[in-house]
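The values are calculated or read from the model by the stated rules, or taken from the named source; none is laboratory data. It should be emphasised that the depicted structure is a prediction, and the values quoted were computed from it without experimental measurement. For neighbour counting, all protein chains shown are included, and Cβ atoms are generated from backbone atoms with ideal geometry for every residue, glycine included.
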Amino acid sequence: MEILLYLLGMPDDDLLPVAVKVVHPNMNELLRRDLTILRAAAISITWLFPSLKWLSLEECMNDFTHLMSAQVDMTVEAHNLERFAKNFATTPTVKFPVPIWNLTRSDILVETFEQGEPLLNYVTGDNTNGIKTLLAEIGINTILKMVFDDNFAHGDLHPGNMLVQSVASSKETNSVVSLIKRTPSTSFRLVILDCGIVASLDELGKKALRDVFTAVVNGDGRKVAELFLNHSKHGCTDTEGFKQSMDNIVKEALSKTVTLAKIQVSSLMTALFTTMINHKVKLDGSFSSVILAIMVLEGLGRSLDPTTDIVKKARPFLIGAL
């Protein structure tokens, strides 16, 4: 729940509008009950169907439990907001609410209230003055920066969690980070909300992710398959068949310019994941979360600017991450 409040005990000119998120009473108890049921189900399914052992359902439940527990601790989201703000401190096209720590508790988050128009209005509206293209540029670069530059990605970055603010135009400075160098000057910026879910990778995972997306960009599906096999738990018995299937998927996707008008990113990713399931290849939970975060590029980019070339946008981040 988010409401507009004003901090008391301050001069009228210094009143600060804030938003408040409150954890529903008994939520922790209900969550523990549901997670216990799901864990028992995961153990039972694996016992009843030994062939599914490669899925490591109990391990998946551990990852899911960690994720959901963080969702009901408002101090976790407050820390995430601070880290995102630090990562984008020199990026004038992106902003995050600021947590008010002396009023924040595990069950209450108080943060600065950010006025803006929902990005969803631009997604569904009929805008022809170039704002959609600009917002697509900012949004896609933001996601790519989170994943490849910062290794700290928002795990629920859909249009409903983003606002559009109008700001006074200003000249770029030499201190502006690489993101803004890839983004044209603008009088608009995105405000990103609801930062309770994030995804990060360890050093091995970061290298694997860079290598995977570099291989995809280069159209080397066999290399993608090799990387998935090397960085996952799997029960694949036909490695050559898996490599060939992955190579066919990637080459088909890249047989034409990878603009969102010509390719459905979600369809590509679905084909990849389906092939992995058929060959019993399971990715680490964090790795999957980051890939899923990148999949929002389609929903965001396609609705705002379907002419966006994903490969072209990704190359500078992949090169910079090497």
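See the values below:
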| quantity | calculated |
| --- | --- |
| Qualifying position, being surrounded by 20 or more Cβ atoms within 10 Å (Cβ to Cβ), of a type outside the set (Val, Ile, Thr) and closer than 25 Å to ALA78 by Cβ, among LEU135, LEU119 | LEU119 |
| Of the criteria (1) acidic (Asp, Glu); (2) over 30 Å from ARG189 (Cα atoms); (3) modelled with pLDDT of 85 or more, which one ASP73 fails | (2) |
| Single residue of the range 1-14 satisfying the filter (surrounded by 12 or more Cβ atoms within 10 Å (Cβ to Cβ) and part of a loop (DSSP other than H, G, I, E, B)) that is modelled with the highest pLDDT | LEU7 |
| Residue list for the range 83-102, filter: in contact (Cβ under 8 Å) with a residue 40 or more places away in the chain, out of contact with any helix residue (DSSP H, G or I) (no Cβ under 7 Å at 6 or more places or on another chain), in a helix (DSSP H, G or I) and surrounded by fewer than 20 Cβ atoms within 10 Å (Cβ to Cβ) | ARG83 |
| Boolean, LYS171 is out of contact with any Lys or Arg (no Cβ under 9 Å at 6 or more places or on another chain) and at pLDDT below 85 | yes |
| Odd one out for MET27, checked against (1) surrounded by fewer than 17 Cβ atoms within 10 Å (Cβ to Cβ); (2) closer than 27 Å to ASP150 by Cα | (2) |
| Which listed residue is within 23 Å of GLY139 (Cβ to Cβ) and at pLDDT 75 or above, from LEU318, LEU300, LEU304 | LEU304 |
| Test: PHE64 is under 28 Å from PRO25 (Cα atoms) and touching a residue at least 24 places away in the same chain (Cβ under 8 Å) | yes |
| Lone qualifier among ARG105, ARG32, ARG83 - being over 29 Å from LYS145 (Cα atoms), assigned by TED's automatic domain parsing to the domain that holds GLY155 and among the basic types (Lys, Arg) | ARG105 |
| Of all residues making up the range 228-243, the number that are in a helix (DSSP H, G or I) and either out of contact with any Leu (no Cβ under 9 Å at 6 or more places or on another chain) or under 9 Å from MET276 (Cα atoms) (or both) | 6 |
| Pairs with Cβ under 9 Å, 6+ apart, first in the range 191-209 and in contact (Cβ under 8 Å) with a residue 60 or more places away in the chain and within 11 Å of PHE84 (Cα to Cα), second among the aromatic types (Phe, Trp, Tyr) and crowded, with 20+ Cβ neighbours inside 10 Å | ILE192/PHE84; ILE192/PHE88; ILE192/PHE96; LEU193/PHE96; CYS195/PHE84; CYS195/PHE96; VAL198/PHE84 |
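Let's see how each residue does on (1) of a type in the set (D, E, K, R); (2) within 20 Å of ASP156 (Cβ to Cβ); (3) in contact with a Phe, Trp or Tyr (Cβ under 6 Å, 6 or more places away or on another chain); (4) assigned to a helix (DSSP H, G or I):
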| position | (1), (2), (3), (4) |
| --- | --- |
| LYS21 | yes, yes, no, no |
| LEU35 | no, yes, no, yes |
| ARG39 | yes, no, no, yes |
| SER51 | no, no, no, yes |
| HIS66 | no, yes, no, yes |
| LEU109 | no, yes, no, no |
